[in-house]
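In what follows, a structure is listed as structure tokens, so that the remarks can point back to it.
What follows draws every value from the coordinates through simple rules; no lab data is involved. In this text the structure is predicted, and so the values were computed from the model without any measurement. A quick note on method: Cβ atoms are made from the backbone with ideal geometry, for glycine too, and the neighbour counts reach across all protein chains shown.
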Amino acid sequence: MGSTEIATLGGGCFWCLEAVYDEMAGVASVESGYMGGHVPNPDYRTVCAGRSGHVEVVQVTFDTAVLSFRDILEVFFAIHDPTSMDRQGNDSGPQYRSVIFYNDDAQRAAAEQLIAVLDHENAFGRPIVTELRPATTFYLAEDYHQEYFVNNPQQPYCTFVVSPKVKKFREKFASRRRV
């Protein structure tokens, strides 16, 4: 493995993003957690109440010899709706907003560039509302949220929400799947 980089992304429920990035070649680890709020050491209940300021995020550690930050973002934009403010499907509230927490100017610039290209191409039929914010403290979510889809594939939310996103990733990004 070469050098690693971290991408921190919010695109609705973290179970969806985690399940997809777990299958991506070059991804070393994916952790579900919270970022961006004003409450220290938040828990799931506090974040779900929508008053902590935190977003459900995944922190993706990837091998830069295999993937670029842009590769990570291309998948991110394909598996959630970046035109919807504070909502992904039935998940509604500020904790489900579309956001990229960048770690440096290069990540910020890559995100700005890709958003500009996608908006110029009218890729989603509406403008992208994904926020770009500097990364802050990452708080790891409770243990039962880690690998949730792998451990609970028959749970209704996984069947009806997570599974279709994983399927979309497998079809659209077949060449980027872990072997």
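Structure values in brief
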item	result
Positions within the range 120-136 being surrounded by fewer than 13 Cβ atoms within 10 Å (Cβ to Cβ), more than 19 Å from Ser84 (Cβ to Cβ) and out of contact with any helix residue (DSSP H, G or I) (no Cβ under 9 Å at 6 or more places or on another chain), in sequence order	His120
Filtered residues of the range 115-149 (kept if within 14 Å of Asp43 (Cα to Cα), without any contact (Cβ under 8 Å) to a residue 60 or more places away in the chain and part of a loop (DSSP other than H, G, I, E, B))	none
Residue check, Gln155 within 21 Å of Glu23 (Cα to Cα) and without any contact (Cβ under 8 Å) to a residue 60 or more places away in the chain	yes
The one condition in (1) loosely packed, with under 13 Cβ neighbours inside 10 Å; (2) of a type in the set (A, V, I, L, M, F, W, C); (3) farther than 16 Å from Phe76 by Cα that Phe149 fails to fulfil	(1)
Only listed residue being surrounded by fewer than 18 Cβ atoms within 10 Å (Cβ to Cβ) and over 24 Å from Arg70 (Cβ atoms), chosen from Ser175, Ser163	Ser163
